[in-house]
Amino acid sequence: MSRSSRISHRRSATRRGFLTVLSAFMMVGLFAFLAFAVDTGLMVLTQTNMQNACDAAALAASQEITNAVSNAGEDGEVQDSNSIAVGAARAMAATVAAENGVFIDPEVDVTFGKRSFNASTGEWPITWGEGPYNVVRVAARRDAQDVTEPDGRLPLAFGWAVGMPSVELTTSASAFVEARDLVMVLDFSGSMNDDSTLAAFNTLGQSAVESNMEDIYNALGPPNLGDMPFQPEWLTVAGAAPANGSQPQIHVTFKRTSVDVTSTLSLSQVKLRFTNGSTQTFYNPGGTSGTFSGSGQTIDRCWVKSGDNGYYGEQFDDNAAAVRAAYGLDSISYPYDSGSWSDFIDYCRNDSQVNYAGYRWKYGGLLFVNYLLTQKPKYSQTADLWKTPHYPFNAMKNGATLFCDFLEDLGFGDELGLVSYATTARVESYLNQDGAVVDLSGDLITPVFADINTIQRHKQANHYDNTTGMGYGVKEGRELLQGHARYGSRPTMLVMTDGLANVGPSGFSMPGGFNWADYTDYDGDGNADYTTGDEQKMYAFYEALQAAEAGITVHTLSVGSGADTGLMKAIAFAGGGSWINVPGGTSIAQMESEMLTAFGKIAAKVPPPKLVYDDGVE
């Protein structure tokens, strides 16, 4: 071998040796990189699985709180539903985590807190351990030294090579029930006292309605009606007191088309005059009493002669003056603002409801109650009607009171506003009446539920006016929420009515391209399950759609056999809310019970749970 060949061979061997050493070093680095990649992937996969399990467990656990609230809404009382939910939430979190292959200790890893609004910062911090609970946090930990335990540290495939055979992992997730900014949109129209009037005999029964009307009468004071009884009676007019025993004492009871006459002496002549001006005379009827008929004609005057000596006679009239005199009304100031005794007497003689009930030409406190409810129902006319249990308005008031009490007991950070509607709509924010003063002008949606309750309890059916502009009420409620709801709350509206929407913009029609099937296809078959061509109903539905498109959940509550249940169901469906119907037509007590249940259910319709991030701030 030549000298140059030997030199070349030695150089080649040197290079091979260097590459072998270099390759060895590279293999070590590559192995370390692969080990790191494998262990890192294992850690990421495990951490992701733990996080997903925590998310699912937290949502499921907080759902147990909403379930407990929903169950409480069935009877309208929160009671201890929150504490009951704690055990169920812990158990549910453990079950869901286990189904995802992750172990949690329900007594240690599931904690509860309260998420509430901080007005100064505009944020929703969480205070852990404070109730009522509306937040659940679920933690998953793998930190036990014994890697064979369910919560043991995660063994690494190659961690032994760097002195770390296992690693500790922890994750957590919190889920909360959103606080709501709620607005009650309540019907104050005239028909909200219909179930307490004579017209309700055919639906609720005469006995039940009259019993309720007596409660109203007593709640009014009762009013000073002189000697007039509560139950309607015919007018009885007494004659002059006899100067001596030879003169008769005569009484005449007018029964519209007949009269009952009694005398202390025998009757010798009875003459009747009818409202058409004709007369009829009965000669020598005999006896000291008798009934004399006008052959179906209405009698307004009766002359009576009685006694054998001198045929002593008297004239008796059935008119407003006679009624006032019979009951001593002339000495009593009319007890309410707009009216007179003559107006009331004329009402008893001519009103169609009075005639339908069989009380025409009779007088009594029951008819006075019906007169106030149908003729003088506004606050400006009969201010004390707000104190009375007239229906369905009183059932609505009691339901709204339960609603306020439920939200107060729930303590989830909800706030509440009040809109009323009849012919027009308004935000109810101020009251100065009968010693009660409330001013919400600086906080139209308020956490002080007692103030909202005080305002609504001092109202009455037809408080302002008579007709039903439901669309105006929905619009007012939407604008209130859009202008005053808190960021991060769930805007929610409750619309309640007992009848038909009958007021709205003249000539209203739906926008071009509107398709009912886009909003009222309940069964998903592509066809609309509700449509209407009525302008006022369309307007109410349109305003509900405007609310829904603004992110407002719209619940509806209909009451009474005359309510438009189709419209109310359609509004709730389009508004993503619940529709509850209180049909009425059974009894006042049942209506009251069903209304309370309905308000309780809607108060308990808390939003579905949501995950919360960033240490308690959404």
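The values are calculated or read from the model by the stated rules, or taken from the named source; none is laboratory data. Treat the numbers as computed from the prediction; the structure is a model and nothing was measured. Cβ placement follows ideal geometry from the backbone for every residue including glycine, while neighbour counts extend to all protein chains displayed. These area figures cover heavy atoms from the full protein model, side chains too; ligands, DNA and RNA do not enter into them. Shrake-Rupley method; radii C 1.70, N 1.55, O 1.52, S 1.80 Å.
Between 412, 406, the distinction of being under 18 Å from residue 485 (Cβ atoms) and touching a residue at least 12 places away in the same chain (Cβ under 8 Å) belongs to 412 only. Scanning region 465-483 for residues that are under 17 Å from residue 538 (Cβ atoms) and open to solvent by less than 10 Å² (accessible area, probe 1.4 Å) turns up 468, 469, 470, 471, 473, 474.
Within region 130-137, is there a residue that is touching a Pro at 6+ places or on another chain (Cβ under 7 Å), within 16 Å of residue 65 (Cβ to Cβ), modelled with pLDDT of 90 or more and open to solvent by less than 20 Å² (accessible area, probe 1.4 Å)? No, there is no match, as no residue in region 130-137 is touching a Pro at 6+ places or on another chain (Cβ under 7 Å), within 16 Å of residue 65 (Cβ to Cβ), modelled with pLDDT of 90 or more and open to solvent by less than 20 Å² (accessible area, probe 1.4 Å).
Residues that are at negative phi and modelled with pLDDT under 95 within region 209-224 comprise 222, 223, 224, listed in sequence order. Exactly one residue out of 425, 461 is among the hydrophobic types (A, V, I, L, M, F, W, C) and in contact with a Lys or Arg (Cβ under 9 Å, 6 or more places away or on another chain): that is 425. Screening residue 437 on (1) more than 20 Å from the chain's Cα centre (by Cα); (2) at pLDDT below 95 shows it passes everything except condition (2). Of 119, 89, 93, 85, all but one fail to be closer than 13 Å to residue 62 by Cβ and modelled with pLDDT under 90; the exception is 85. Just one of the listed residues (272, 265) is crowded, with 17+ Cβ neighbours inside 10 Å, at pLDDT below 95, touching a Gly at 6+ places or on another chain (Cβ under 7 Å) and not β-branched (Val, Ile, Thr), and it is 265.
Scanning region 399-424 for residues that are over 17 Å from the mean Cα position of the chain (by Cα) and open to solvent by 10 Å² or more (accessible area, probe 1.4 Å) returns 411, 413, 423, 424. Screening region 275-298 for residues that are closer than 23 Å to residue 319 by Cβ and of a type in the set (Gly, Ala, Ser) and picking the one that is least open to solvent (accessible area, probe 1.4 Å) gives 294. Just one of (1) over 18 Å from residue 255 (Cβ atoms); (2) open to solvent by 20 Å² or more (accessible area, probe 1.4 Å); (3) not aromatic (Phe, Trp, Tyr); (4) not in a loop (DSSP other than H, G, I, E, B) fails for residue 381. It is (4).
Taken over region 406-450, the criterion of being under 20 Å from residue 496 (Cα atoms) and among the charged types (D, E, K, R) is satisfied by 414, 415, 426, 428. In summary, strands (runs of 3 or more DSSP E) completely within region 512-618 and bearing 1 or more residues that are of a type in the set (S, T, N, Q), without any contact (Cβ under 8 Å) to a residue 60 or more places away in the chain and surrounded by 16 or more Cβ atoms within 10 Å (Cβ to Cβ) occur at 576-582.
Among residues of region 138-166 being open to solvent by less than 40 Å² (accessible area, probe 1.4 Å) and modelled with pLDDT under 90, the one that is nearest to residue 92 (Cα to Cα) is 151. Within region 578-592, the only residue that satisfies the criterion of being within 13 Å of the chain's Cα centre (by Cα) and either small (Gly, Ala, Ser) or at positive phi (or both) is 578.
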